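This report concerns only the one structure given below.
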Amino acid sequence: MPTPNRYHLLILGGTAEGAALAQAAIDAFGDRLRVTTSLAGRTEQPGPLPGAVRIGGFGGPAGLTSFIAAQAVDLLVDATHPFADQMARHAREAAEAAQIPRLMLIRPAWRRHPLDRWIEVGDVPGAAAVVPRAGRRVFLTVGPSELEAFARLEDRFFLVRMIDPPREPVPLVDHEIVLGRGPFTVAGERQLMRRHAIDVLVAKASGGAATEAKITAARELSIPVVMVRRPLPERGERVDSVEAAVVWLRRRLALLDRHLRPVSSEG
Ligand code: NAP
């Protein structure tokens with residue numbers, strides 16, 4: 001008979017790191033840890049995920065707190081995207097309310113190369129504000145819900161990259177959609193930008209290897225990048241690699257074991 005899993009880890013995912021952590025946690029602690037990954041449900045066909053998967057919002061911090069209680073979640077890892085700041089705040093509030101340990105796994109930011117031509121802005125509307133000064137043919141790599149900010153730039157061409165075909169009409173006058181899911185290659189990105197005569201790239205400072213190729217290609221083609229800075233992270237314990245998250249899990253599991261009261265047979 002296999003030993004029943006004693007603890008329950010909830011990973012807030014939607015990222016390559018979240019998926020890699022689910023696998024690493026099962027590999028390292030699978031006999032004593034049940035792993036559930038939560039996805040917002042933004043992409044139609046999320047990649048394969050080991051362990052259990054649940055999809056859709058929780059209904060705010062209170063909903064997540066209830067989920068933690070109902071599912072007897074012992075540990076929470078927020079491995080959402082660096083720009084998923086609302087979910088990160090809800091995760092902090094819910095973990096505090098439920099009094100369970102929480103770790104943020106946030107991938108490292110890209111490092112700026114001396115030849116990069118970045119124009120850093122604070123948010124997506126800020127990016128839309130500088131595009132008219134930066135170029136005429138724009139490679140837009142922001143989320144589908146963030147395109148509206150560029151709608152008034154009617155005299156610019158936009159090459160819009162998306163994972164899935166848009167569910168809503170794209171609010172841009174002159175645009176073309178290119179579908180694609182990382183990892184992308186530098187050669188592929190260079191070719192794409194050349195083919196569409198792109199002269200400015202708009203990107204969020206997401207970090208990560210899967211989408212870094214566009215940054216390298218822009219550097220090689222000497223194209224400016226309007227780079228949206230990351231929101232400030234929530235307070236709390238934070239690591240930037242799956243390996244470090246596994247170390248945190250090991251330490252937390254040991255602490256949970258230590259606090260587990262022995263069950264008295266005379267009860
Ligand atoms: P967000 O603005 O911080 O979150 C909006 C709402 O979506 C949250 O309040 C929550 O709804 C729900 N949600 C977000 N992540 C969730 C998760 N992992 N599981 C269950 N519900 C979740 O987040 P977002 O920017 O829309 O990102 C949504 C998802 O896409 C995240 O999983 C993120 O990792 C991934 N993603 C985001 C980006 C990006 O640029 N933002 C890029 C790539 C992947 P409730 O309040 O109802 O719980």
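P(r) of region 118-228 in 5 Å steps, Cα pairs, percent per bin?
Values per bin, smallest distances first: 2, 13, 26, 27, 22, 10, 1.
Across 5 Å bins from 0, what is the distribution of all Cα-Cα pair distances for the chain, in whole percents?
That works out to 1, 5, 12, 15, 16, 14, 11, 9, 7, 4, 2, 1, 1, 0, 0, 0, in percent per bin.
At a 10 Å Cβ-Cβ cut-off, how would you order 150, 67, fewest neighbours first?
With the sparsest Cβ surroundings first, the list reads 67, 150.
Place the peptides 120-130, 30-40 in order of packing, highest mean first, counting for every residue the other Cβ atoms within 10 Å and averaging per peptide.
Working: 120-130: 17.1, 30-40: 19.4.
With the highest mean Cβ count within 10 Å placed first, the list reads 30-40, 120-130.
Among 81-87, 251-257, what's the highest-first ranking by average C-beta atoms within 10 angstrom per residue?
Ranked by mean Cβ neighbours within 10 Å, highest first: 81-87, 251-257.
Over the chain, with a Gaussian network built from C-alpha contacts below 10 Å, which listed residue (187, 98, 24) shows the highest mean-square fluctuation?
Greatest mean-square fluctuation among the candidates belongs to 187.
Mean residue ellipticity at 222 nm from the helices of the chain, using -39,500 (n - 2.57) per DSSP H segment of n ≥ 4 over the full residue count, to the nearest 500 deg cm²/dmol?
Per the formula, -10000 deg cm²/dmol.
Under 15 Å from the Cβ of residue 56, count the other residues' Cβ atoms, weight Lys and Arg +1, Asp and Glu -1, and hand me the total.
That sum, taken over residues with Cβ under 15 Å, equals +1.
Once every Cα of region 166-215 carries one equal point scatterer and solvent is ignored, give the base-10 log of I(q)/I(0) from the Debye formula at q = 0.16, 0.23, 0.27 Å⁻¹, two decimals.
Computed log10 I(q)/I(0) values: -0.56, -1.06, -1.22.
Quick one: grab Rg to one decimal and Dmax as a whole number for region 176-267, Cα atoms only, in Å.
22.6, 78
Every read-out reported here was derived from the displayed coordinates using simple, explicitly stated rules and does not represent laboratory data. A quick note: this is a predicted structure, and the numbers were derived from the prediction, not measured. For neighbour counting, all protein chains shown are included, and Cβ atoms are generated from backbone atoms with ideal geometry for every residue, glycine included.
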